[in-house]
Amino acid sequence: MVFPTANPTKCYWIENAESPLRNFRSSDELPAETDVAIIGSGYAGASTAYWIHKYTEKASKQPQVTLLEARDICGGATGRNGGQLRPHAYSRYPAWSKRFGPDGAMGLIAHEMAHLSAFRDLADAEGIAEEVCLKFGETFDAAMTDEAWTRLKGAFQAMQKDHGDENDIVKACRLIEDAREAEEFSQMKGALAAVVHPTGQIWAYKFVHALLRIVLQKGNLNLQANTPVTGVSERDADGWVTVKTERGTIRARTVVHTTNRWAAHLLPEFNKLILPMRGTVAAIKAPPGFIKHTGAQHWDNTVNNYHLQLPPPYNTIMIGGARQLLVHRPKECMLNDEDDQEIAGVAEFFKSWPASDVTDWPGLSLAELSNKVDRSGCWTGIETSSADSFPFVGPVPARNGHYIAAGFAGHGMPRILLSAAHITPLVLESLNVEYSQPLLAASFPPLPQPFQVTAERVERLQNTNIAAIAESYKQSCEESAKKPFCNTERAILKL
Ligand SMILES: Cc1cc2nc3c(=O)[nH]c(=O)nc-3n(C[C@H](O)[C@H](O)[C@H](O)COP(=O)(O)OP(=O)(O)OC[C@H]3O[C@@H](n4cnc5c(N)ncnc54)[C@H](O)[C@@H]3O)c2cc1C
């Protein structure tokens, strides 16, 4: 069982947002009762609170919602991520079609792609696009080796073969096969070719804080920072779940677990299902508008970097990955919960990235980390690794009144908003309250079947062999670690 660490590394997104909700508590005392207790104030928890508000705003009575957060508000993965709202438009197609068939794979991709218009519509409706630095454009997967290009091009062609050139998602992707053109578009030195497709980018911490501010203004949300939930009961005969915290106990009609990596602390059956995986990101000062497109560099199946640049006045490049370095030390990532520690050598690796990897970088040989406060320029965060590679969304089997949306891995941005919209009517139905679908959610595609948390899935995954997963991860790192691109001076820095 595991709780979020007490002193997570300082992070650019959080320190520079300067949000008044950072450690907000709606009241000194916790409410004695609530209709919905949401546990965890990241993107999943905040979206659930937002959708409950939107689904019930026209009803005669709105449910009371209490949101309990162990850390400062949005202090987990969401506040510490890479800012990419970047659907897997084609790259997972071979793996997904093998498991779920061509239509199942396309359903998963369509659900991710639908997040782009969903974010656009929501941000427009609430007038928050500029505040949360929401931008749309094209992103690239740049192949830095022939091995990477074989995989990326093969993934696109498999999708194209099954669904035809007229399919909207196939049409939205394009290949750049000329190396000079790929380097020019991506600004990545040595790019051999690239796949380009639509994407978004966002300051996720600000987005969560904006959603919570909107719901707080309606008066039906009690928000409680720094209030870890230590236990939850079964629903009793009178229909109440007891939610325990060190600050007191709340009786809730329903509980929504949006606790990401930490779900198993309250729901032990998820112990083998949602595993920790530590990631790292840095913020680097850049000239305004220098990076034209968000993107990722790929060397092989394991080794990549991904980056974007924030609009003015921030201008900062946000870069994650550092896999060339990290494959040498797999234990720093897999099954690692230490987001209170930086990873030695990573800050230097990222600082040297613009001069080493970006064409026409105008700055010094070592770029400057964007430090608002001490050490916020490079940080760690806990992504998850789900036992079967998909998140868990829906009613918790065999636990009446409990719902979950967790385990979104290092790829939650194009998955969570619609997943939260999926569970919201289920929660409201169990409360027996009046609700109606908001216009914003009217065209959302259905939740992909692999996300559904069924009793059979939970039962089957109890057989997960965590040691074997860790060993397989270690072996893939060891294979990459032998390759030339993981043995440059930068990659073996400080080892
Ligand atoms: C370094 C890094 C980079 C990433 N980059 C990207 C990216 O660029 N694009 C992308 O799509 N995804 C990215 N991700 C993944 C993405 O951030 C996550 O999938 C997403 O934010 C998960 O949201 P969440 O609300 O489920 O979890 P979280 O944001 O982790 O929220 C869970 C919350 O629950 C709280 N909590 C846990 N247990 C308790 C308890 N018992 N009581 C009270 N509160 C509790 C935690 O403190 C936490 O705040 C990245 C993740 C990391 C770590």
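At a glance:
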read-out	value
Residues with amide H under 5 Å from that of Ile176, placed H, sequence gap 5 or more	Ala194, Val195, Val196
Estimated inter-spin distance, Asp340 and Phe100, nm [label 7 Å along Cα→Cβ]	3.8
DSSP-defined antiparallel bridges as percent of all bridges, the chain, nearest 5	70
Rounded if a/c under 1.5, otherwise prolate or oblate - segment 113-164, Cα gyration tensor axes	oblate
Net charge, Gln452 excluded, C-beta distance under 15 Å - Lys, Arg +1, Asp, Glu -1	+1
Nearest-20 debye value, segment 417-495 charge dipole, Cβ charges on Lys, Arg, Asp, Glu	480
Largest-first principal axis extents of the Cα set of segment 248-378 (Å)	57, 35, 28
Positive dipole terminus of segment 153-273, leading residue within Thr254, Cys173, Met188 (C-beta point charges)	Thr254
Alpha-carbon centroid distance for the pair segment 189-258 / segment 276-299, whole angstrom	26
Integer Hz, Karplus 6.51/-1.76/1.60 couplings in order for segment 84-101, x for Gly and Pro	7, 9, 10, x, 6, 6, 7, 5, 8, 4, x, 5, 6, 6, 5, 7, 10, x
Segment 213-289 - percent relative contact order, Cα under 8 Å, separation 6 or more	16
Relative contact order computed over the chain (Cα-Cα under 8 Å; 6+ residues apart), in percent	23
Positive dipole terminus of segment 117-245, leading residue within Val232, Ala210, Ala125 (C-beta point charges)	Val232
Accessible area of the chain belonging to carbon and sulfur atoms, whole % at 1.4 Å probe	49
Residues whose placed amide H lies under 5 Å from that of Val396, excluding near-sequence neighbours	His402, Tyr403, Ile404
More than 20 Å apart - percent of Cα-Cα pairs taken over segment 34-170	62
Segment 281-438 - percent relative contact order, Cα under 8 Å, separation 6 or more	17
Efficiency of FRET from Cβ geometry, Lys331 and Ser389, R₀ 25 Å, rounded to 0.05	0.75
Length released on extending from Lys189 to Asp168, taking residue separation times 0.36 nm less the Cα-Cα span	4.5 nm
Full-stretch length increase - Asp178, Lys292 - with 0.36 nm per residue and alpha-carbon distance subtracted	39.2 nm
Part-to-part distance (alpha-carbon centres) for segment 429-495 and segment 6-41, which is given in Å	25
Accessible area per residue, Å², segment 110-233 with all protein chains present, probe 1.4 Å	39
Under Karplus coefficients 6.51, -1.76 and 1.60, residue-wise ³J(HN,Hα) of segment 466-481 in Hz, glycine/proline x	5, 4, 5, 4, 5, 5, 5, 4, 4, 5, 5, 5, 5, 4, 5, 4
Unit charges on C-beta of K, R, D, E only; dipole of segment 237-367, Debye	320
Among Pro484, Pro94, Gln309 the positive-end extreme of the charge dipole of the chain (Cβ point charges)	Pro484
Calculated from backbone phi, Karplus (6.51, -1.76, 1.60) coupling profile of segment 58-71 in Hz, x at Gly/Pro	9, 7, 5, 9, 9, x, 7, 10, 10, 10, 10, 10, 5, 9
Inter-label distance for Ser443 and Ala470, nm, one decimal - labels placed 7 Å from Cα along Cα-to-Cβ	4.7
Computed log₁₀ I(q)/I(0) - Debye formula, equal Cα scatterers, no solvent, the chain, q 0.09, 0.10 Å⁻¹	-0.59, -0.74
Total charge dipole magnitude, the chain, about the Cα centre, Cβ charges on Lys, Arg, Asp, Glu only, Debye to nearest 20	380
Rg ratio (alpha-carbon, reference 2.2 N^0.38 Å) - segment 26-72	1.19
Alpha-carbon centroid distance for the pair segment 136-156 / segment 396-414, whole angstrom	30
Environment charge of Ser480, counting only residues whose C-beta is closer than 13 Å and scoring Lys/Arg +1, Asp/Glu -1	+1
Cut-off under 5 Å, modelled amide H: who pairs with Thr139 long-range	His197, Thr199
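The values are calculated or read from the model by the stated rules, or taken from the named source; none is laboratory data. For clarity, every value in this text was computed on a predicted model and none was experimentally measured. Please note: Cβ atoms are built from the backbone with ideal geometry, for glycine as well, and neighbour counts cover all protein chains shown. To get the accessible areas, we keep the full protein, side chains included, count just its heavy atoms, and leave off ligands, DNA and RNA. Shrake-Rupley method; radii C 1.70, N 1.55, O 1.52, S 1.80 Å.
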